1. Find, among the trypsin sites (Lys or Arg not before Pro) in region 391-456, those assigned to loop by DSSP (not H, G, I, E, B) with at most 15 other beta-carbon atoms within 10 angstrom.
2. What does the C-alpha gyration tensor say about the overall shape of region 221-293? Classify as rounded when a/c is under 1.5, otherwise prolate if a/b is larger than b/c, or oblate.
3. In deg cm²/dmol and to the nearest 500, what is the mean residue ellipticity at 222 nm of the chain if only DSSP H runs of at least 4 residues count, each as -39500 (n - 2.57), divided by the residue total?
4. Using a 10 Å Cβ count of at most 16 others and DSSP loop calls, identify the longest part of the chain lacking such chymotrypsin sites (Phe, Trp or Tyr not before Pro).
5. Could you give the DSSP H helices of the chain that reach 15 angstrom or more along their long axis (alpha carbon positions) and whose average Kyte-Doolittle hydropathy is no lower than 0.0?
6. Take N184 and Q452, extend 7 Å from each Cα along the Cα→Cβ direction, and tell me the distance between the two endpoints in nm.
7. Take the chain, compute every pairwise Cα distance, and split them into 20 Å bins from 0; I just need the percent in each bin.
8. Roughly what % of DSSP beta bridges within the chain run antiparallel, to the nearest 5?
Amino acid sequence: MAAQEKTFYLETFGCQMNAHDSEKVVGTLISQGYRQVPTVEEAGLVLYNTCSIRDKAEQKVFHRLADYKKLHAAGKRLGVLGCVAQQEGEKIFERAPHVSLVCGSASYRNLPQMLMQLEASTCNATREIPRPAGESAGLWDDPTREWAHNPRLATRDSQLVRITGLDDRETDKCFETEFTARTNPHRGYITIIEGCDKFCSYCVVPFTRGKERSRTSDSVLAEARHMADLGYTEIQLLGQNVNSYRDPAGKRSFAELLAAVGEVAGIRRVRFTTSHPRDFGRDIVKAIDAHPTLCDHVHLPVQSGSSRILHAMQRLYDRDQYLERISWMKSARREISITSDIIVGFPGETEGDFEQTLSLLEEVGYDGIFAFKYSPRPNTPSLKLDDTIPDAEKSRRLAVLLEKQRTIQQTRNRKQLGLTLEVMVEGKNESRKQWIGRTSQNKTLNFTAPAQRDVEVGSYVPVRITTAFPNSLVGELWVNA
Ligand code: 5AD
Ligand code: SF4
């Protein structure tokens, strides 16, 4: 890659944490003189930010890598970032030998150095890595420098250069960068805690993202204020388990941090995800009650309605404890919309256990769920349990669950008919001539507006709800006569 034509293409798989990591990776690459391009064909460097939460997600990545095998011959470099990179490590080079860079999410801080190595190897792969302009020889050659060890150059020949950054899961440092390239100018993510120490028996995250580490509440607030200055009005605080947040400076609890972000001038909506029921405190509901800017929506994954299965999943709460948290939310001043993640077909899940999950859906009255078939993952404790439920049965349970939830959502959404709610305008569906809006409860509310009315993306407008579907609402811009 010649210096004047450093281009990259990045595709992201998986959760919001990955989406936000990608924004930071893009910012970091741009700060290193790269230009993002919209197609693989135009790019010198092709990056995949990967997800390994379920086998399907992981296979998608390997299919993509196989598709692009020919790119290596075309002189492009391929890099695998994220959770599959962390999980599979150097094994990726065996399965996809044309890959040059493997970097786990905990090692992104080292990306600039890894890129320099990659570029140096591209210029002349058999030479020593050249010292960049401005770096003193002493510093650059110092073997104690972090980059000299990690990331490391595994192989170096003129055809294939392999650079790995995988060893940082124990770091206390979060991936904070001043170069975050946020994709949406109105709504932005802020990571408050990385990693997870919960070790639910099915979950690969503690192995791919490492131990929990929180950012100081002061640095989160500084970023929130900076974003507000740039015109952002909605902030979403991110973490695998935001309720485990512990301010390293000891200044604020998670609920206090939420409240403080909600008080930042210019911020109109604050969301947070994901919550873990074990650590979800009543103080969060109180904060939502006290601060209208904190959205009336909580994503509180239950995973199963059966206490027996919750125990086997090592979720650290039972059905009753979960329902207690739900009752706190139901006694809030505003109606809080509640969503969840559910796994069907966990090893040993009987029909009776599954029915308890179905009855929990009714009892809670969720406004949305993400439901998944259990997928055995490497390193996880539940891998030792036999994956006893046949795939066809998992599919049946999933279909039954989703159908039940569809009915619940239809009923719940119908209750909103006739209400006038404020939405943030997200865009326009030209073919339907409808604006796309989002309510504070995180529901999609599409609406029409009189032709002469100016509606701006990113603005907040009142919309009267006229139609309710299971997955969205439809309405009309409320025009004050
Ligand atoms: N199999 C199926 N679903 C899983 N999830 C996490 N690990 C697995 C697995 N091994 C689901 C959980 C989690 C969501 C992000 O993904 O429901 O909350
Ligand atoms: Fe995985 Fe459990 Fe941590 Fe969530 S809380 S990331 S499910 S280990």
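The values are calculated or read from the model by the stated rules, or taken from the named source; none is laboratory data. Source: prediction; values computed, not measured. Quick reminder, even Gly has a Cβ in these numbers, built from the backbone with ideal geometry, and neighbours come from all protein chains shown. Note: areas computed on protein heavy atoms with side chains; ligands, DNA, RNA excluded. Shrake-Rupley method; radii C 1.70, N 1.55, O 1.52, S 1.80 Å.
1. Numbers: sites: K394, R396, R397, K404, R406, R412, R414, K415, K428, R432, K433, R438, K443, R453; in loops: K415, R432, K433, K443, R453.
Taking region 391-456 and a limit of 15 other Cβ atoms within 10 Å, the loop trypsin sites (Lys or Arg not before Pro) found are K415, R432, K433, R453.
2. Cα axes put region 221-293 in the prolate bin.
3. Values: 16 runs with 159 residues, N = 481.
About -9500 deg cm²/dmol.
4. Details: sites that count: F179, F199, W478.
Longest site-free region, per DSSP loop and neighbour criteria: 200-477.
5. Working: long enough: 16-31 (23 Å, -0.21); 55-67 (18 Å, -1.16); 111-123 (18 Å, 0.45); 217-229 (18 Å, -0.35); 319-330 (16 Å, -1.35); 351-364 (20 Å, -0.32); 391-414 (34 Å, -1.39).
Helices meeting the criterion: 111-123.
6. 3.3
7. Percent of Cα pairs in each bin: 21, 52, 25, 2.
8. Values: 26 of 71 bridges.
Of those bridges, close to 35 percent are antiparallel.
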